[in-house]
Amino acid sequence: MRTWQRWTVAARARERERSERGPSGLSLLPWLLMGVGALSHLLQGEAPNPWIGGLGLLTFNTLYIAIVFRAFDARRREAPLTWWLLAALGALTFALAIGYGREWLLFFPLLGLAVGAVVRRGRRLPVITLPLVLAVGVVTFWRDGWNSFGVVYGTFISVMVTAAILALDETVRQLRATREELARTAVEKERLRFSRDLHDLLGHTLSVIVVKSEVVRRLAPSDLDAALAQVADIESVGRQALTEIREAVTGYREGSLATELDRARDALSSAGIEPVVRRSGPLLEPRTEALLSWVVRESTTNAVRHSGASRCEIALDGAPDRVRLTVTDDGRGPAAGPPRPGSGLRGLRERVAAAGGTLESGPAARGGFRVTAELPMETPGPHEGEPTR
């Protein structure tokens, strides 16, 4: 059973590989059987100068095989050598048709197959096909009269059908490659989204847990009830983090700015930093709120971790067309933190830019560190708030 499964998987892999490669020159080789009539004409001794005819037949087959194999390689198909070979095949076909007639006229549809395989699409196709068909009509009518109509029609159909089928196959394979590339891009975007969400979620949550654990350690010897209250907060933060991680995994997490501001107050207060929150302006769209929630979370997490500040101000100001969020602390500034913006701020900057906004971070005018995010805003309704502490 396992051997059968392995054979099936291998067969599917080979089939997928063949479909990705597309057809090859082998698909046009069976049409060379149309030259059997000319070969029979030579063998029966009915053709004048049979050695010249035999050499012409051998040369025709050689040129035809070389051209159709080069036609299925995109790089070699456009090479000058391919066009020279096609021109030589055309000249030889007309020479054999004029010299021998009869069964040798069937080489014209073979020439049409070679032309269709090389030209395929574009303005060159009618420019080459129409003169070719007219010339074939003149030669075949001269050699075979009205009975040559089938050869002329067969030549035209050979060019157009071959070009259409091969062009369609090439288009389908390009569309398949584009679809696979889009799928890979979607997977990469989802991985990037998840890694950013996980970084922001866990960074903030672990910082709060660390700060509250330090508070528990300080309070436990003197105030057991207060220490237990902090332990309950740690449990609540952990449960909330689990919920947010599940939502981040499924991609349905939408941040509430009011909830995030409350968490920021709690985290800053637990770290001994005085929180000041000012909010004014109209109500925000859910997507704008979610993005600003991430900015609040990341900024307050950095303030708790790196700033050593005593005060942190979060100001949200809305205008008819833009909304601005500013998070400023009075700590030691960026020198206390990493030497360059971390992955959290870089990810936020990319998110804000994708939404048509800007995010700037750096030293504040009076010391400390400042993060400023601006986003375009739609205004579903009025909402004014007062400064809160």
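Go over the candidates Phe108, Phe94 one by one and state the one that is open to solvent by 10 Å² or more (accessible area, probe 1.4 Å), part of a helix (DSSP H, G or I) and either without any contact (Cβ under 8 Å) to a residue 24 or more places away in the chain or within 12 Å of Phe60 (Cα to Cα) (or both). The match here is Phe94.
Filtering segment 32-53 to residues that are out of contact with any helix residue (DSSP H, G or I) (no Cβ under 6 Å at 6 or more places or on another chain), more than 24 Å from Trp84 (Cβ to Cβ) and without any contact (Cβ under 8 Å) to a residue 60 or more places away in the chain leaves Leu33, Val36, Leu39, Leu43, Gln44, Gly45, Glu46, Pro48, Asn49, Trp51. Across segment 79-91, the qualifying residues are those that are open to solvent by 40 Å² or more (accessible area, probe 1.4 Å) and in contact with a helix residue (DSSP H, G or I) (Cβ under 9 Å, 6 or more places away or on another chain), and the one among them that is farthest from Val161 (Cα to Cα) is Leu81. Within the set Ile65, Ile52, the sole residue that is within 28 Å of Gln174 (Cβ to Cβ) and open to solvent by 60 Å² or more (accessible area, probe 1.4 Å) turns out to be Ile65. Of everything in segment 134-164, what is of a type in the set (A, V, I, L, M), open to solvent by 20 Å² or more (accessible area, probe 1.4 Å) and over 18 Å from Trp104 (Cβ atoms)? Give them in sequence order. Within segment 134-164, Leu134, Ile157, Met160, Val161, Ala164 meet the criteria. Condition test on Phe69, is it touching a Ser or Thr at 6+ places or on another chain (Cβ under 8 Å) and assigned to a helix (DSSP H, G or I)? Here the answer is yes, as Phe69 does meet what is asked. Taking the stated definitions as given, is Gly99 open to solvent by less than 50 Å² (accessible area, probe 1.4 Å), out of contact with any helix residue (DSSP H, G or I) (no Cβ under 9 Å at 6 or more places or on another chain) and at pLDDT below 90? Taking the combined requirement at face value, the residue does not satisfy it. Comparison of Ser207, Ser195, Ser213 shows that the only residue that is open to solvent by 30 Å² or more (accessible area, probe 1.4 Å), at pLDDT below 80 and in a helix (DSSP H, G or I) is Ser195. Mind listing whichever residues of segment 281-323 are hydrophobic (A, V, I, L, M, F, W, C), free of Cβ contacts under 8 Å to residues at least 40 places away in the same chain and in contact with an Asp or Glu (Cβ under 8 Å, 6 or more places away or on another chain)? Within segment 281-323, Ala290, Val296 qualify.
Listed by position, the strands (runs of 3 or more DSSP E) inside segment 228-342 whose residues that are surrounded by fewer than 19 Cβ atoms within 10 Å (Cβ to Cβ) and at pLDDT 80 or above number at least 3 are 274-280, 311-318. The residue that is nearest to Ser236 (Cα to Cα), among those in segment 259-289 that are of a type in the set (Gly, Ala, Ser) and touching a Pro at 6+ places or on another chain (Cβ under 7 Å), is Ala264. Taking (1) in contact with a helix residue (DSSP H, G or I) (Cβ under 7 Å, 6 or more places away or on another chain); (2) closer than 21 Å to Gly367 by Cβ; (3) hydroxyl-bearing (Ser, Thr, Tyr) in turn, Ser270 satisfies each apart from (2). Here the condition is being within 40 Å of the chain's Cα centre (by Cα) and farther than 22 Å from Leu28 by Cα; of Arg143, Arg123, Arg102, it holds for Arg123 alone. Scanning segment 343-389 for residues that are of a type in the set (S, T, N, Q) and at pLDDT 85 or above turns up Thr358, Ser361, Thr372.
Taking the criterion of being farther than 17 Å from Glu289 by Cβ and either in contact with an Asp or Glu (Cβ under 6 Å, 6 or more places away or on another chain) or open to solvent by less than 30 Å² (accessible area, probe 1.4 Å) (or both), the residues of segment 350-366 that qualify are Thr358, Gly362, Ala364.
The values are calculated or read from the model by the stated rules, or taken from the named source; none is laboratory data. As the structure is a computational prediction, the values presented were derived from the model and not from experiment. Positions of Cβ are backbone-derived with ideal geometry, glycine not excepted, and every protein chain shown enters the neighbour counts. Remember, those area values only see protein heavy atoms, side chains included, never the ligands or the DNA or RNA. Shrake-Rupley method; radii C 1.70, N 1.55, O 1.52, S 1.80 Å.
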